[in-house]
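Notes follow once the structure below has been shown.
The values are calculated or read from the model by the stated rules, or taken from the named source; none is laboratory data. What you are looking at is a predicted structure, and each value in this text was computed from that prediction instead of being measured. All Cβ positions, even for glycine, are placed from backbone atoms using ideal geometry, and neighbour counts span all protein chains on display. All accessible areas refer to the heavy atoms of the entire protein, side chains included, with ligands and DNA or RNA removed. Shrake-Rupley method; radii C 1.70, N 1.55, O 1.52, S 1.80 Å.
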Amino acid sequence: MVARFKTQVGIVGAGPAGLMLSHLLHLHGIDSIVLEARSRQYCEERVRAGVLEQGSVDLLHRSGLGTRLDREGMRHEGIEIGLNRKRFRIPLSELTGGKAVTVYGQHEVVKDLIARRLADGGDLRFECGEVSAHCLESERPLLRTSGASGEAEIHCDFIAGCDGSHGVCRPSIPVSALSTYERSYPFAWLGILAAAPPSRGELLYMHHERGFALYSMRSPAITRLYLQCRPDEDLDQWSDDRIWSELHTRLDCDDGWQPIEGRILQKGITGMRSFVVEPMQFGRMFLAGDAAHIVPPTGAKGMNLALADVVVLSEALRAYYKKNSTGPLDRYSNVCLRRVWKAQRFSWWMTSLLHCFEDASPFDRRRQLAELDYLTGSRAAAASLAENYVGLTMEF
Ligand code: FAD
Ligand code: PHB
């Protein structure tokens with residue numbers, strides 16, 4: 001027997017995009033069902049992004065999700081760029097009229113959203129089994145699930161594909177209806193989470209001749225660090241001692257600053273990719289977040305873009321249901337893509353600026369060093385980085 005359900009918006013994926021969309025729709029009086037392949041615990045413990053733009057922080061506040069963020073989030077009014085064992089501060093707030101970023105783990109955002117959706121009576125279905133999307137060009141698109149608990153059909157007005165880069169929604173759109181734009185990078189990041197108190201109050205992006213390194217954090221007791229490595233790097237070759245030794249080589253500064261060591265709680269390799277699909281819509285299916293675009297993590301934009309997409313989508317769905325207007329839904333893809341491409345440009349630029357490219361010519365290398373010199377010596381250049389890093393204004 002197939003169980004049948006009806007909802008206004010069927011959402012695939014309980015990451016930041018899917019959960020925030022469901023929450024914003026609820027605030028607008030629009031109902032949704034969220035289908036998630038993984039368990040609630042897995043979603044709440046998956047360590048990924050850590051930096052919220054000013055606009056994302058404002059969104060969490062105005063949608064009633066600011067309590068724990070205010071208590072535990074770490075507001076950063078600057079970041080540092082490192083070169084040749086020296087650090088240069090980019091005063092984000094001073095250069096952007098008081099804006100800042102907040103360090104608050106993506107899994108904390110996810111935890112807050114899940115708790116709030118459940119408290120509001122939201123329909124979140126974890127471990128939902130195989131999902132497939134159908135009849136996307138009809139007035140009544142359909143999601144089907146099949147798993148241990150049987151088969152179900154969810155009849156929707158609209159489907160939101162918020163299922164990340166390896167989800168099922170994007171592949172259910174005919175290839176001929178989409179254009180894809182892609183770039184891969186000849187390196188990856190080896191990331192660790194360490195039980196060590198941060199020894200600096202701000203993030204440090206370090207360019208080093210042995211490769212880029214990033215000093216970040218999650219809480220007053222946990223440091224998050226990354227090392228540029230090869231895309232096919234074998235994690236087994238990286239003992240804890242080797243990781244700390246390489247981090248010291250790349251991060252330690254002439255003034256005596258160095259990261260504090262601690263027990264390594266988690267390690268992993270993250271690939272680097274730029275990817276965009278256009279348009280972010282097919283019939284009555286709308287793609288949001290990583291399902292539609294991937295940025296290399298250097299600019300800290302992925303989660304923020306996912307949140308920005310669903311703000312636009314929730315407003316467009318509100319216009320449809322409350323004002324009978326389809327214009328905002330028709331414009332959804334174009335509105336999002338303008339922001340997405342600016343974030344792509346910024347993430348590509350930060351990545352190119354800070355990493356070592358093995359195939360760089362002597363000219364490329366000199367140009368890269370000149371760009372770092374310009375950035376750390378020019379207020380105008382620093383202001384451009386700051387404007388993008390804290391996040392461009394959300395447009396509708
Ligand atoms: P996801 O978080 O990927 O959520 C998609 C959900 O869909 C998942 O829960 C998945 O289980 C589910 N799903 C997938 N397939 C199916 C299916 N078939 N059926 C049902 N459910 C399905 N971004 C930043 O903004 N700042 C940072 O500092 C930053 N750092 C990062 C560091 C690392 C190491 C990594 C890996 C990423 C980082 N990002 C960062 C990127 C950020 O994590 C992603 O952009 C963000 O998770 C996108 O959210 P999303 O909701 O679109 O997708
Ligand atoms: C992180 O803390 O995980 C982080 C911070 C900044 C980035 C990427 C990742 O650019």
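Would you call ILE264 open to solvent by 20 Å² or more (accessible area, probe 1.4 Å), touching a Cys at 6+ places or on another chain (Cβ under 8 Å) and in a strand (DSSP E or B)?
no
A quick yes/no check of all residues on (1) modelled with pLDDT of 95 or more; (2) within 30 Å of LEU143 (Cα to Cα); (3) in contact with a Leu (Cβ under 6 Å, 6 or more places away or on another chain):
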{"position": "PRO171", "(1), (2), (3)": "yes, yes, no"}
{"position": "ARG183", "(1), (2), (3)": "yes, no, no"}
{"position": "ARG210", "(1), (2), (3)": "yes, no, no"}
{"position": "TYR215", "(1), (2), (3)": "yes, no, yes"}
{"position": "ASP241", "(1), (2), (3)": "yes, no, no"}
{"position": "SER245", "(1), (2), (3)": "yes, no, no"}
{"position": "HIS248", "(1), (2), (3)": "yes, no, no"}
{"position": "GLU261", "(1), (2), (3)": "yes, no, no"}
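With the requirement that a residue be surrounded by fewer than 17 Cβ atoms within 10 Å (Cβ to Cβ) and either in contact (Cβ under 8 Å) with a residue 40 or more places away in the chain or within 26 Å of THR102 (Cα to Cα) (or both), what does the stretch 233-251 give you?
GLU233, LEU235, HIS248, THR249
So which residues in the stretch 1-22 are within 16 Å of ligand 2 (Cβ to nearest atom) and at pLDDT below 95?
Once the filter is applied, which keeps residues that are within 16 Å of ligand 2 (Cβ to nearest atom) and at pLDDT below 95, the stretch 1-22 yields nothing.
Cβ-Cβ distance below 6 Å, separation of 6 or more or different chains: which pairs start in the stretch 138-166 with a residue that is more than 16 Å from LEU313 (Cα to Cα) and open to solvent by less than 10 Å² (accessible area, probe 1.4 Å) and end on one that is aromatic (Phe, Trp, Tyr) and modelled with pLDDT of 95 or more?
Listed by first residue and then by second, the contacts come to ILE154/PHE5.
Identify the residue in the stretch 189-223 that is open to solvent by less than 10 Å² (accessible area, probe 1.4 Å), in a loop (DSSP other than H, G, I, E, B) and over 16 Å from SER352 (Cα atoms) and, among all such residues, is farthest from ligand 2 (Cβ to nearest atom).
That would be ALA196.
Can you name the condition, by its number, that GLN266 falls short on among (1) among the polar types (S, T, N, Q); (2) more than 16 Å from ligand 2 (Cβ to nearest atom); (3) within 26 Å of the chain's Cα centre (by Cα)?
With respect to (1) among the polar types (S, T, N, Q); (2) more than 16 Å from ligand 2 (Cβ to nearest atom); (3) within 26 Å of the chain's Cα centre (by Cα), GLN266 is out only on (2).
Within the stretch 34-55, restricting attention to residues that are open to solvent by 10 Å² or more (accessible area, probe 1.4 Å) and of a type in the set (A, V, I, L, M, F, W, C), which residue is farthest from LEU214 (Cα to Cα)?
My answer is ALA37.
Could you tell me which of the residues SER384, SER352 is polar (S, T, N, Q), more than 23 Å from SER93 (Cβ to Cβ) and surrounded by fewer than 21 Cβ atoms within 10 Å (Cβ to Cβ)?
SER352
Enumerate the pairs (first residue in the stretch 260-281 and aromatic (Phe, Trp, Tyr); second residue anywhere and in a strand (DSSP E or B) and open to solvent by less than 50 Å² (accessible area, probe 1.4 Å)) with beta-carbon separation below 8 Å, excluding pairs fewer than 6 apart on the same chain, so at least 6 apart or on different chains.
Partner pairs satisfying both residue conditions: PHE275/HIS293; PHE275/ILE294.
Output the qualifying pairs, or none if there are none: Cβ atoms under 9 angstrom, residues six or more apart or on different chains, first residue in the stretch 57-81 and charged (D, E, K, R), second residue open to solvent by 10 Å² or more (accessible area, probe 1.4 Å) and part of a strand (DSSP E or B).
GLU72/SER219; ARG75/THR102; GLU80/ARG87; GLU80/PHE88; GLU80/ARG89
Answer yes if at least one residue in the stretch 121-129 is in contact with a strand residue (DSSP E or B) (Cβ under 8 Å, 6 or more places away or on another chain), farther than 23 Å from ALA17 by Cα, touching a residue at least 60 places away in the same chain (Cβ under 8 Å) and open to solvent by 30 Å² or more (accessible area, probe 1.4 Å), and no otherwise.
no
Looking only at the stretch 66-83, filter to residues that are open to solvent by less than 60 Å² (accessible area, probe 1.4 Å) and over 17 Å from GLY201 (Cα atoms); which one of those is farthest from the chain's Cα centre (by Cα)?
Among those residues, the one meeting the criterion is LEU83.
Of LEU95, LEU65, which residue is of a type outside the set (Phe, Trp, Tyr) and within 16 Å of ligand 1 (Cβ to nearest atom)?
LEU65
Collect the residues in the stretch 84-94 that are surrounded by fewer than 20 Cβ atoms within 10 Å (Cβ to Cβ) and at pLDDT 95 or above, keeping them in residue-number order.
Residues satisfying the conditions are LYS86, PHE88, ARG89, PRO91, SER93, GLU94.
Counting only residues that are basic (Lys, Arg) and within 13 Å of ligand 1 (Cβ to nearest atom), how many does the stretch 47-62 have?
1
Just the residues that are within 16 Å of ligand 2 (Cβ to nearest atom) and in a loop (DSSP other than H, G, I, E, B), please, taken from the stretch 280-324.
Once the filter is applied, which keeps residues that are within 16 Å of ligand 2 (Cβ to nearest atom) and in a loop (DSSP other than H, G, I, E, B), the stretch 280-324 yields VAL295, PRO296, ALA300, LYS301.
When you go through ALA3, ALA14 one by one, which is the residue that is hydrophobic (A, V, I, L, M, F, W, C), open to solvent by 10 Å² or more (accessible area, probe 1.4 Å) and not in a helix (DSSP H, G or I)?
The unique qualifying residue is ALA3.
Return yes or no: is PHE363 farther than 17 Å from ARG87 by Cβ and assigned to a helix (DSSP H, G or I)?
Against the criterion (farther than 17 Å from ARG87 by Cβ and assigned to a helix (DSSP H, G or I)), PHE363 qualifies.
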